[in-house]
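Accompanying notes for the structure given below.
Read-outs throughout are calculated quantities, based only on the coordinates presented, and are distinct from any laboratory measurement. Remember, predicted model here, so these are calculated numbers, not experimental data. Cβ atoms come from the backbone with ideal geometry, glycine included; neighbour counts cover every protein chain shown.
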Amino acid sequence: MLHADDTTVPVLAPGEGKTRTGRLWVVVRDERPWGSDVPPAAFYLYSPDRKGIRAEALLGTCLGFLHADGYSGFDRLYQPTEPGGEPALIEVSCWSHARRKIYDVHHATASPIALEALERIAALFAIESSIRGRPPEQREAARKEHALPLLEQLKTFLETSLR
């Protein structure tokens, strides 16, 4: 599993007496929380902007699962390169990024619906915390037993709340 993100960095703009905003992209692989002894690794790439081609340059030859935020620049990486083919990367969406938007709503409005959604997501985070470092089979079994019912309930709650 790969994790990817980018962040802004100030970059000197020679001759202009100021800085510009550049991007520092990172791809990280650290499988130790899942019981692997594969050494962690990180790769950084600078770009002057946040165009989708930067995400493709960073990850274009990678295979497997990509855990990232919902940045649309990653979208092409999740598409098959050949008709009927498999994508090189499978999107693993980020609960923290989804949760942040709900938190912002709750913080701004004190919405009881947002608060309940945050509490339900916290229960999922607690399950993940309790299984961190266990072998894959144990994590999968715990997710099926404990997280799957909570995810189904969360889905129903969100769909009902949207109405």
Seminar exercise, completed: With x for Gly and Pro, the residue-by-residue ³J(HN,Hα) of segment 8-19, computed from phi through the Karplus equation 6.51 cos²θ - 1.76 cosθ + 1.60 at θ = phi - 60° and given in whole Hz, is 6, 9, x, 10, 4, 10, x, x, 9, x, 8, 10
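Report the rotationally averaged projected area of the chain based on its alpha-carbon convex hull, in square nanometres.
Values: hull surface 54.9 nm².
Value for the chain: 13.7 nm².
When only Cα pairs under 8 Å and 6 or more residues apart are kept, what is the percent relative contact order across segment 95-162?
27 percent
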Exercise. Tilt of helix 148-162 relative to the longest C-alpha principal axis of the chain, in degrees (0 to 90, nearest 10)?
Worked result: 80 degrees
Exercise. Say each of GLU137 and ARG50 gets a label point 7 Å from the Cα, pointing the same way as Cα to Cβ; how far apart are those two points in nm?
Worked result: 4.4 nm
For this session: Could you work out the mean projected area of the convex hull around the alpha carbons of segment 2-93, in square nanometres to one decimal?
Result: 7.4 nm²
Exercise. Points 7 angstrom from Cα along the Cβ direction at GLU116 and GLU86: gap in nanometres?
Worked result: 4.0 nm
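Sequence gap at least 6, Cα distance under 8 Å: using those rules, report the relative contact order of the chain to the nearest whole percent.
Numbers: 213 pairs, mean separation 26.6, N = 163.
So the answer I get is 16 percent.
Let me check against my output: what whole-number percent is the relative contact order of segment 2-93, with C-alpha pairs under 8 Å and at least 6 apart?
Working: 157 pairs, mean separation 21.1, N = 92.
Reported relative contact order: 23 percent.
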For this session: Round to the nearest 0.05 the FRET efficiency obtained for ASP37 and THR156 when R0 = 25 Å and r is the Cβ-Cβ distance.
Result: 0.05
For this session: Mind jotting down the distance between the C-alpha centroids of segment 88-102 and segment 4-37, whole Å?
Result: 19 Å
Problem set entry | Directionally averaged shadow of segment 95-162, computed from the convex hull of its alpha-carbon atoms, nm² | 4.7 nm²
